[in-house]
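Take a look at the structure below.
Just so it is clear, none of the values below were taken in a lab; they were calculated from the coordinates. Bear in mind the structure is a predicted one, so any value in this text is a computation, not a measurement. Cβ sites come from the backbone with ideal geometry, for glycine too, and all protein chains shown count toward neighbours.
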Amino acid sequence: MSLATGSKIAAAILLAGAMALPIASAELQLPRDGWTSWQVRAVEAAPAWCCYSGWKSGKVMRQTCQLDGDKGGFSISDDETSTDTVKVYARLKSGKVDSLQVYAASCPVEAQTAINDLGDVAADDSARWLITRVGENGDDAAVGRPIAEGALAALAMHRGELSGKALANFARGDTRAETRKWSVFWLSLVRGAEGAAVTSSVMFSDPEADVRRHAAFALSQSKSPRAAPDLIRLGNNDKDGEVRAQAWFWLAQTGAADAERAIIAALRKDGDDNVREQAIFALSQLPDERATSALIAAAEDQSLSREQRKRAVFWLSQSESSSAQAYLERVLARTTVN
C-alpha cells in the first residue's frame, strides 16, 4: 500500500470518527401525555429567550409564555440579556411529541395542564433526546413551526461538544434542505464563532443555491468578524446570480466598513443584470447617510450604464434623507436648465 493511499484511508477513518455521535444513553423518561420540563446548562452567552409584550421606557417588557399557544402575542426578544441555564418543555400526546419549546430557565411559563418537572438533566442526555426529534415529521401544535426546527433551536442552546457537533452534522450533511437551513440559522444566532464557522462552510459548499442563500442571511445575523469578508467572497465567486445578489444585500445589512467598496466593485464587473440591479438596491440598505452617499456616487459614476444610474436615482427618491432630497433637487435643476 502506498503512502498516499494509507493517508487517504487514515483521513477517512478520522472523518468517520468526527461524524459519529454517541447517541446511546439512558433515555429521558417522559410520560405518554402532557407537559414535561427539564433544565440544562446553556451554551456560553446563550440569549435569554422568553416572551415579550412590547417596549416601555426603552426596555423590553417580559410576559409569561403560554406553552399551549398564544397566537396573539408570542415573540422572542433580541436584547442583550443572556442566561446560564435553559428549560426544555415537551408536550406529548399518546407518546408522540406535539410541542417542543425552549426558554431561559428564569422565563415564567404557564400551561393548561400540570407540568411534570424532571429537574436538572445533563446537557448531553437532553441533546441526545433532541437529536432524535430532529428526524421527526409534523408541526408544533402550540407554536406552529415544525417539531424538527424546534428541536434544532433547543439543541443550539445546549452547552457541550455533543450538541455543537450534532448541529454541524445536520447543517453539512442532512439530506433535507430545510433542516440544513434551520441548522445554520441557529448555529449563527446562538453558537458564536463556532457556529459562524460552520455556517460559512455551508455557505460555500452546499449544492443547493437556496441553502447557500439562507446561509448568507444566517451569517449576517451573527456577530462574527468573519461575516463581512466571507459575504464579499461569496458575492464575488458563487456560481448562482441570486446567491451573489443576496450576498451583497446581507453585506449591506451588516454595515461593514468596506461594504460600499465591495458592492460598487461588483456593480461594475458582474455580468448578470439582475445582480447589478440588486447591488444598487443593496447600497440603499447601508446605514443612514452611508446609503445616500453610496447611491449618489453610483448615480454620478459615468462608468456605469444609464439604467444603473437611473436605479440609483430611484432609490435615492425613496430615501427620507435630507441630503438625498437635496441631490435630487440639484439633478432636477440641471435637467430644467438643459
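An oblate overall shape is assigned to region 191-286, the ratio a/c of its alpha-carbon gyration tensor axes (a ≥ b ≥ c) being 1.5 or greater and a/b not exceeding b/c. Take the Cβ-Cβ distance between Leu328 and Glu208 as r, set R0 to 35 Å, and report the resulting FRET efficiency rounded to the nearest 0.05. Efficiency, rounded to the nearest 0.05: 0.25.
Taking every DSSP helix (H) stretch of at least 4 residues in the chain, weighting each as -39,500 (n - 2.57) and dividing the sum by the residue count yields a mean residue ellipticity at 222 nm of -17000 deg cm²/dmol. Residues Phe204, Phe185, ranked from the fewest to the most other C-beta atoms within 10 Å, line up as Phe204, Phe185.
Ranking Ser220, Gly135, Ala153 by how far each Cα lies toward the positive end of the dipole of the chain (charges on Cβ) leaves Ser220 at the top.
Working from Cα pairs under 8 Å separated by at least six residues, relative contact order for region 31-159 is 34 percent.
Averaging the sequence gap over all C-alpha pairs within less than 8 Å and six or more residues apart, then dividing by the number of residues, gives the chain a relative contact order of 11 percent. The ranking of Phe170, Phe249 from fewest to most other beta carbons within 10 Å of each one's beta carbon is Phe249, Phe170. Sorting Thr292, Thr85 from the fewest to the most surrounding beta carbons within 10 angstrom yields Thr85, Thr292.
Cross-link list Lys181/Lys223; Lys93/Lys165; Lys165/Lys223; Lys181/Lys310: which exceed 26 angstrom alpha carbon to alpha carbon? Checking Cα-Cα distances, Lys93/Lys165; Lys181/Lys310 exceed 26 Å.
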